[in-house]
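Report on the following structure.
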Amino acid sequence: MANQENELLGRLDRFCDAVPRAAARPEELGDYVLFVRNGEAGWPFYARPRVGVTAPPAAADITTVRARQRELGLPESFEWIHEINPDLLAVARSAGLGVRQAPLMVLDPTALPPVGRFADRPVRLLDPDSPDFAADLTTWFTIAQAAFAPSDGTGTGLPAVGADTPEIVTVTFPTVDSGSPGGGAGGAAGPPAPAPGGLATTAPAAPPDSIEPLATTGPTASPVAAATDDPALPDTLVDRERSAIAAGSHTIALAGLPSAGLPSAGLPSAGLPSAGQLAAVGSLNRVDDVAEIVGVGTVAPARRQGLASAITAALARHALAAGVDLIFLAAGDDDVAMLYHRLGFRRVGTSCIAEPTAHLVG
């Protein structure tokens, strides 16, 4: 059993090393690899231990990597799987980094709830061949911004909804934080973007009632693009996402509210999403036969409606149908992990995310 678990964790470690390489160049600095995005808009990547490294970690190597990250204008962000590199936790802390630990969970396909469990919560996967793909991608982007953005001060956390495009939420929030809290990419400059894949994050864990996993970084990272009154995304981004989805390396899901709508108790009626309105997003990154579910978020007033669960289950089914045999995610905390457990996920380890302590204060 121990050998099986070690092999499973090894597959996850190799996945996390492979994910950034589609959109970044690797720089080897001692026993670490720093992934530097290939000049395109998107979430900056992290540094992580090289696969197969067995030497004890050294604080001096971390200092070297951080200096290079500062030189390149990148966040001083590291990620690793604790069970693969168990000594790195203490060394990272001794080097002046704060470390967040998140439950690392894999899916038991036989325990995935049946399709009918979420039949009243419509989930749609983006189709790269659809003539509406660009509009759908914008919907995903803007809802993700809303889901991972701080509250607008009304207590709902829901930004304004355009009257002529009721499913497109336009926001101008300057930081990533899920309102009560959620996820965001590590130290990225500029306005928020939905998070794509990997294990790294700087935001606090999601609340127990909304099982959004950690928002992280990955090969088809979302743009760090200014949110304006015109929510249209750059053509280059649309083309890149279309290609990634067509190739099967990325999947994006949108979910609408159940037909019963939202409970109104304690919430102002103005601006609440209506039945069927898109209010949650999620995505999946795939490398060969391994896939990670990431960036599952729901706008604040639409939480506790099972949308995050519906999206997670739909993405898992899609990956299984495509031949993936290992599906995993990083849960925000132990309470959130218990909710994922109800969807068939079990804990196999701990993902560690390290950054300067001030960045981890939530």
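What are the residues in the range 104-115 that are in contact with a Gly (Cβ under 6 Å, 6 or more places away or on another chain) and assigned to a helix (DSSP H, G or I), if any? Ala111 - this is the single residue of the range 104-115 that is in contact with a Gly (Cβ under 6 Å, 6 or more places away or on another chain) and assigned to a helix (DSSP H, G or I).
For the range 27-38, the criterion of being assigned to a strand (DSSP E or B) and either of a type in the set (S, T, N, Q) or farther than 25 Å from Asp288 by Cα (or both) is satisfied by at least one residue. A search for C-beta distances below 8 Å between a residue of the range 118-131 that is buried (at least 18 other Cβ atoms within 10 Å of the Cβ) and any residue that is part of a loop (DSSP other than H, G, I, E, B), counting only pairs 6+ apart in sequence or on different chains, returns Phe118/Gly306; Arg121/Leu257; Arg121/Pro258; Arg121/Gln305; Arg121/Gly306.
For the condition closer than 25 Å to His250 by Cβ and hydroxyl-bearing (Ser, Thr, Tyr), Thr110 does not qualify. Within the range 83-103, restricting attention to residues that are out of contact with any helix residue (DSSP H, G or I) (no Cβ under 6 Å at 6 or more places or on another chain), modelled with pLDDT of 95 or more and part of a loop (DSSP other than H, G, I, E, B), the residue that is surrounded by the fewest Cβ atoms within 10 Å (Cβ to Cβ) is Asp87.
Picking from Ala321, Ala260, Ala232, which residue would you name as being surrounded by fewer than 17 Cβ atoms within 10 Å (Cβ to Cβ) and modelled with pLDDT of 95 or more?
Of Ala321, Ala260, Ala232, the one residue that is surrounded by fewer than 17 Cβ atoms within 10 Å (Cβ to Cβ) and modelled with pLDDT of 95 or more is Ala321.
Let's see how each residue does on (1) touching a Lys or Arg at 6+ places or on another chain (Cβ under 8 Å); (2) farther than 30 Å from Leu233 by Cβ; (3) in contact (Cβ under 8 Å) with a residue 60 or more places away in the chain:
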position: Glu5; (1), (2), (3): no, yes, yes
position: Leu34; (1), (2), (3): yes, no, no
position: Asn38; (1), (2), (3): yes, no, no
position: Tyr46; (1), (2), (3): no, no, yes
position: Ile62; (1), (2), (3): no, yes, no
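Please go through the range 37-49 and pick out each residue that is modelled with pLDDT under 95 and touching a Pro at 6+ places or on another chain (Cβ under 9 Å).
First pass over the range 37-49, keeping only residues modelled with pLDDT under 95: 37-46.
Across the range 37-49, the qualifying residues are Arg37, Glu40, Ala41, Gly42, Trp43, Pro44, Phe45, Tyr46.
The values are calculated or read from the model by the stated rules, or taken from the named source; none is laboratory data. In this text the structure is predicted, and so the values were computed from the model without any measurement. Counting neighbours? That spans all protein chains shown, and the Cβs are built from the backbone with ideal geometry, glycine included.
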